[in-house]
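To start, the structure under review is shown below, and the notes come after it.
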Amino acid sequence: MESTPTTSARPDAVAGIPMPALRNHAATHQEHLLEDLRRIVHAETPSHDKALLDAGLEVIRTLAVERLGEPQAEARTDGGVHGDVLDLRWPGRDVDGGEITELESSVLSVCHYDTVWPAGTITGWPLTAEGDRLTGPGVLDMKFGIVQTLWAVRALRELGVPHAPLRLLLTGDEEIGSTAGRPAIEAAAAQSALTLVPEPSAAGQPKDRRKGMVFADLTVHGVQAHAGLEPEKGASAVHALAAVVPDIVALASPDDGTTVTVGTFHGGTSRNVVAGQATCQVDVRVTEAAEQDRVAEGLRALRLPQPHAADPRLRLEIAVDANRPPMNPTPASRAAMDRVERLAAGLGRRITPAAVGGASDANFVSALGLPVLDGLGAVGEGPHAVHEHILVSEIAPQTALLAGLLADVAARP
Ligand SMILES: [Zn+2]
């Protein structure tokens, strides 16, 4: 699209992108951003409530069309029991004011609209301003990212800044593993010039490392019996599964960044009954892909230790889900982070990418070697917690940064 040779080290590299003006645009329109945020925070979208997810997605779609006009293309994928995926595209604009519509020139913004908060939370906890803090369920994780994306493009349009086309992918099951979202995210990212994930920032910093995850559910089926009258007729599932726990925990390797946690352990029905069933849930976090494979295989290979192994009445069932791969810097994402550093400098900010334990949908994109930037969203604290909030004073610079990236991709593909 543009043949001008460029080097990212050029000191005037952000010269064509008016970062302060983009920030001022968001600051000037802050009341509108806050009103939009109120609309979508108050449309509750718990991951497991399909009716509310559908209604919330409609609220978001309506808002997006109000802010950016009818999309150039739109596709909706049925998520089954999970939230649907909505794929919306708007054209970019070149230096001559012409439309850019090519898919491969697009910047993809991946936003999940589901939250961890159950229906009715909003009644006792509406979106509330307390000084610089704006608190409400899902405001940080990650409804602000949706509003931020829409207003980034609006700022570019109103200031006449050339920018890449926007592809906005709204997914409704990130908080429960992205079963429906993952294939859509991977396909869209592969077609895009750059993927942005405006998940919460790390105190204003983007995230370039996230741990990967393995989930495992272990169940032992045994035989119930009266604990006093005839315990020998029983085969305790609790005793057997408890004996497996040390082998689960032994799969951890803290030096490699691998942690293993048995988060829940349930079994039995009553004190005086030999337990007929026991289950436990295991959470594994890894920083290296090889560790994810090692621990997943280790979990699948678990067996009941003696003497339980010798008892044919006991059966161990193992379900392992190597959910999200770890995210580590790749050549593609490092080049994308260079863009952020240059643009942030235009706002007088220094970028120090952060490593975090939690995973996001960026993990999927990064594992494919595609350029992805994560943690570009709100500055705040308390995702998944009752003190969840964003800082109002950071809305404008964070929105400007997102806008700058859309402009930078158009200027320096
Ligand atoms: Zn999130």
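From the residues in segment 231-284 that are among the acidic types (Asp, Glu) and within 24 Å of residue 312 (Cβ to Cβ), which one is nearest to the chain's Cα centre (by Cα)?
Within segment 231-284, the subset among the acidic types (Asp, Glu) is 232, 247, 255-256, 283.
From what is left, the residues that are within 24 Å of residue 312 (Cβ to Cβ) are 232, 247.
Values: 232: 50, 247: 31 Å.
For segment 231-284, the residue satisfying everything is 247.
Would you check if residue 167 is modelled with pLDDT of 95 or more, within 21 Å of the chain's Cα centre (by Cα), closer than 22 Å to residue 395 by Cα and open to solvent by 10 Å² or more (accessible area, probe 1.4 Å)?
Working: modelled with pLDDT of 95 or more: yes; within 21 Å of the chain's Cα centre (by Cα): yes; closer than 22 Å to residue 395 by Cα: yes; open to solvent by 10 Å² or more (accessible area, probe 1.4 Å): yes.
When the stated conditions are applied, residue 167 passes them.
Conditions: (1) under 14 Å from residue 403 (Cβ atoms); (2) outside any loop (DSSP other than H, G, I, E, B); (3) hydrophobic (A, V, I, L, M, F, W, C). Residue 161 meets all but one. Number of the miss?
With respect to (1) under 14 Å from residue 403 (Cβ atoms); (2) outside any loop (DSSP other than H, G, I, E, B); (3) hydrophobic (A, V, I, L, M, F, W, C), residue 161 is out only on (2).
Can you pull out the residues in segment 231-288 that are of a type in the set (A, V, I, L, M) and part of a strand (DSSP E or B)?
Step one: filter segment 231-288 for residues of a type in the set (A, V, I, L, M), giving 235, 237-238, 240-245, 248-252, 260, 262, 273-275, 278, 282, 284, 286.
Result: 235, 260, 262, 273, 274, 278, 282, 284, 286.
Only one of these conditions is not met by residue 345: (1) farther than 30 Å from residue 24 by Cβ; (2) among the hydrophobic types (A, V, I, L, M, F, W, C); (3) open to solvent by 40 Å² or more (accessible area, probe 1.4 Å). Which number is it?
So the condition that residue 345 fails would be (1).
Going through segment 41-66 one residue at a time, which ones are farther than 20 Å from residue 79 by Cα and either open to solvent by less than 10 Å² (accessible area, probe 1.4 Å) or in contact with a Ser or Thr (Cβ under 6 Å, 6 or more places away or on another chain) (or both)? Before the answer, list the steps.
In the first step, residues of segment 41-66 are kept if they are farther than 20 Å from residue 79 by Cα; the result is 41-42, 63-66.
Within segment 41-66, 41, 63, 64 meet the criteria.
Condition first: within 12 Å of the ligand (Cβ to nearest atom) and out of contact with any Ser or Thr (no Cβ under 7 Å at 6 or more places or on another chain). Can you find one or more residues in segment 179-197 that meet it?
Residues of segment 179-197 that are within 12 Å of the ligand (Cβ to nearest atom), as a first pass: 181, 197.
Now restrict to residues that are out of contact with any Ser or Thr (no Cβ under 7 Å at 6 or more places or on another chain): none.
No; the residues of segment 179-197 include none that is within 12 Å of the ligand (Cβ to nearest atom) and out of contact with any Ser or Thr (no Cβ under 7 Å at 6 or more places or on another chain).
Can you name the residue in segment 126-143 that is in a loop (DSSP other than H, G, I, E, B) and more than 16 Å from the ligand (Cβ to nearest atom) and is also surrounded by the fewest Cβ atoms within 10 Å (Cβ to Cβ) among such residues? Show your work before the answer.
Within segment 126-143, the first condition is being in a loop (DSSP other than H, G, I, E, B), and the residues that meet it are 126-127, 131-132, 136-138.
Remaining after also requiring more than 16 Å from the ligand (Cβ to nearest atom): 126-127, 131-132.
On the way: 126: 13, 127: 20, 131: 8, 132: 11.
Here the answer is 131.
Tally time: how many residues in segment 309-358 are under 30 Å from residue 275 (Cβ atoms), in contact with a strand residue (DSSP E or B) (Cβ under 8 Å, 6 or more places away or on another chain) and not aliphatic (A, V, I, L, M)?
Restricting attention to segment 309-358, the residues satisfying the condition of being under 30 Å from residue 275 (Cβ atoms) are 309-323.
When the remaining residues are screened for being in contact with a strand residue (DSSP E or B) (Cβ under 8 Å, 6 or more places away or on another chain), the result is 311, 313-323.
Keeping just the survivors that are not aliphatic (A, V, I, L, M) gives 311, 313, 315, 317, 321, 323.
Total satisfying the criteria: 6.
Would you pick out the residues in segment 247-262 that are open to solvent by 60 Å² or more (accessible area, probe 1.4 Å) and either touching a Phe, Trp or Tyr at 6+ places or on another chain (Cβ under 9 Å) or small (Gly, Ala, Ser) (or both)?
Once the filter is applied, which keeps residues that are open to solvent by 60 Å² or more (accessible area, probe 1.4 Å) and either touching a Phe, Trp or Tyr at 6+ places or on another chain (Cβ under 9 Å) or small (Gly, Ala, Ser) (or both), segment 247-262 yields only 250.
From 271, 294, 285, grab the single residue that is open to solvent by 70 Å² or more (accessible area, probe 1.4 Å) and over 30 Å from residue 229 (Cβ atoms). Walk me through it before giving the result.
Details: 271 fails: over 30 Å from residue 229 (Cβ atoms); 285 fails: open to solvent by 70 Å² or more (accessible area, probe 1.4 Å).
Being open to solvent by 70 Å² or more (accessible area, probe 1.4 Å) and over 30 Å from residue 229 (Cβ atoms) holds for just one of 271, 294, 285, which is 294.
Based on what the data block shows, is residue 191 of a type outside the set (Asp, Glu) and either open to solvent by less than 10 Å² (accessible area, probe 1.4 Å) or outside the structural domain of residue 358 (by TED's automatic domain parsing) (or both)?
Values: of a type outside the set (Asp, Glu): yes; either open to solvent by less than 10 Å² (accessible area, probe 1.4 Å) or outside the structural domain of residue 358 (by TED's automatic domain parsing) (or both): no.
Judged against the criteria, residue 191 is not a match.
Check residue 116 against each of (1) more than 16 Å from the ligand (Cβ to nearest atom); (2) open to solvent by 30 Å² or more (accessible area, probe 1.4 Å) and name the one condition it does not meet.
Only one criterion in (1) more than 16 Å from the ligand (Cβ to nearest atom); (2) open to solvent by 30 Å² or more (accessible area, probe 1.4 Å) is unmet by residue 116, namely (1).
Just a yes or no: is a residue in segment 149-164 open to solvent by 10 Å² or more (accessible area, probe 1.4 Å), away from the ligand (no atom under 14 Å from the Cβ) and touching an Asp or Glu at 6+ places or on another chain (Cβ under 7 Å)?
Yes - at least one qualifying residue is present in segment 149-164.
If you take just the helices (runs of 4 or more DSSP H) that sit entirely in segment 314-413, which of them hold at least 3 residues that are within 16 Å of the ligand (Cβ to nearest atom)?
Working: elements: 331-345, 362-367, 395-411.
The helices (runs of 4 or more DSSP H) meeting that bar are 362-367.
The values are calculated or read from the model by the stated rules, or taken from the named source; none is laboratory data. Being a predicted model, the structure only gives us computed values, none of them experimental. Quick reminder, even Gly has a Cβ in these numbers, built from the backbone with ideal geometry, and neighbours come from all protein chains shown. When the accessible area is computed, the model is the full protein with side chains, heavy atoms only, and any ligands, DNA or RNA have been set aside. Shrake-Rupley method; radii C 1.70, N 1.55, O 1.52, S 1.80 Å.
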